[in-house]
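Have a look at the structure below before the remarks.
We did not get these values from a lab; they are worked out from the coordinates using the rules stated. These figures come from a predicted structure and were not determined experimentally. Virtual Cβ from ideal backbone geometry, glycine too; neighbours counted across all protein chains shown.
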Ligand SMILES: [Zn+2]
């Protein structure tokens, strides 16, 4: 995933001892700034990316050692354009910061293909205009009976929805390229009822 970086502000300055370029951007809902200082001396130069915290303080999240860019940037002089020279250094820092701050995807979104398959599941289970409201109770019952839901997209475009296998079944782990090993004993709820009734 490519993180989106929206520019917010930039400043540049030239002094007798060096020149600097700062850029503020927004990414992943956070405000991040890159500060790049090209000093006359290598060890006085710096390039850092900082994120604005909820307490409105800046916390460093990435830096770029001057060894990577100091030698290829111009010696300080009044004729230097800081944005032109140091912009690429800021660019790279901000791209790294955006990658670091990019949200971890925890909720996989359903592909249009899988949604089409759900539509077909409803249509073939009920009717072409089928409608079914699934309640939290229905879902609680389903998660405690049968196997966990697995959705397998096959190479030929078909999709299997199944609660008939355990997670470690070869059918599941191989995405249906191998057969079930016959050890999936998903209990019939009616049998469970009888067993508990004894
Ligand atoms: Zn199985």
Out of 93, 149, 37, a Gaussian network model of the chain with alpha-carbon springs under 10 Å gives the largest mean-square fluctuation to 149
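Ranked by Cβ crowding within 10 angstrom, fewest neighbours first, how are 128, 21 ordered?
Ranking 128, 21 by Cβ neighbours within 10 Å, fewest first, gives 128, 21.
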At a threshold of 8 angstrom on Cα-Cα distance, excluding pairs fewer than six apart, so keeping six or more, what relative contact order does region 112-197 reach in percent?
20 percent
Would you kindly calculate the translational diffusion coefficient of region 6-101, applying Stokes-Einstein with the Kirkwood radius from alpha carbon pairs, for 4 °C and a viscosity of 1.567 mPa s, and quote it in µm² s⁻¹ without decimals?
97 µm²/s
Take the alpha-carbon centre of region 111-164, take the same for region 44-64, and report the distance between them in whole Å.
47 Å
Going 7 Å from the Cα of residue 83 in the Cα-to-Cβ direction, what parts of region 90-130 have a backbone nitrogen less than 19 Å from that spot?
90-95
For the chain, take the longest principal axis of its alpha carbons; what is the angle in degrees between that and the long axis of helix 112-125, to the nearest 10 within 0 to 90?
20 degrees
Taking the inverse of the average 1/r across all pairs of different Cα atoms in the chain, what Kirkwood radius in Å do you get?
22.4 Å
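Can you give the calculated 222 nm mean residue ellipticity of the chain, where each DSSP H run of n ≥ 4 adds -39,500 (n - 2.57) and the sum is split over every residue, rounded to the nearest 500 deg cm²/dmol? Provide the component values of the computation, followed by the final result.
On the way: 5 runs with 56 residues, N = 198.
It lands at -8500 deg cm²/dmol.
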Among 63, 22, 138, residue whose mean-square fluctuation peaks in a GNM of the chain (springs only between Cα atoms under 10 Å)
138
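Efficiency by 1/(1 + (r/R0)^6): what FRET value for residue 128 and residue 104, r their Cβ-Cβ distance, R0 = 30 Å, to the nearest 0.05? It would help to have the intermediate numbers written out before the result.
Working: r = 40 Å, r/R0 = 1.32.
E between residue 128 and residue 104, to the nearest 0.05, is 0.15.
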Here the gain from full extension of residue 135 to residue 185, 0.36 nm per residue of separation minus their alpha-carbon distance, amounts to 15.3 nm
Kirkwood-Stokes translational diffusion coefficient of region 112-197, alpha-carbon pairs, 4 °C, 1.567 mPa s, µm²/s:
88 µm²/s
With springs connecting C-alpha atoms under 10 Å apart, model the chain as a Gaussian network and identify which of 133, 20, 96 has the largest mean-square fluctuation.
133
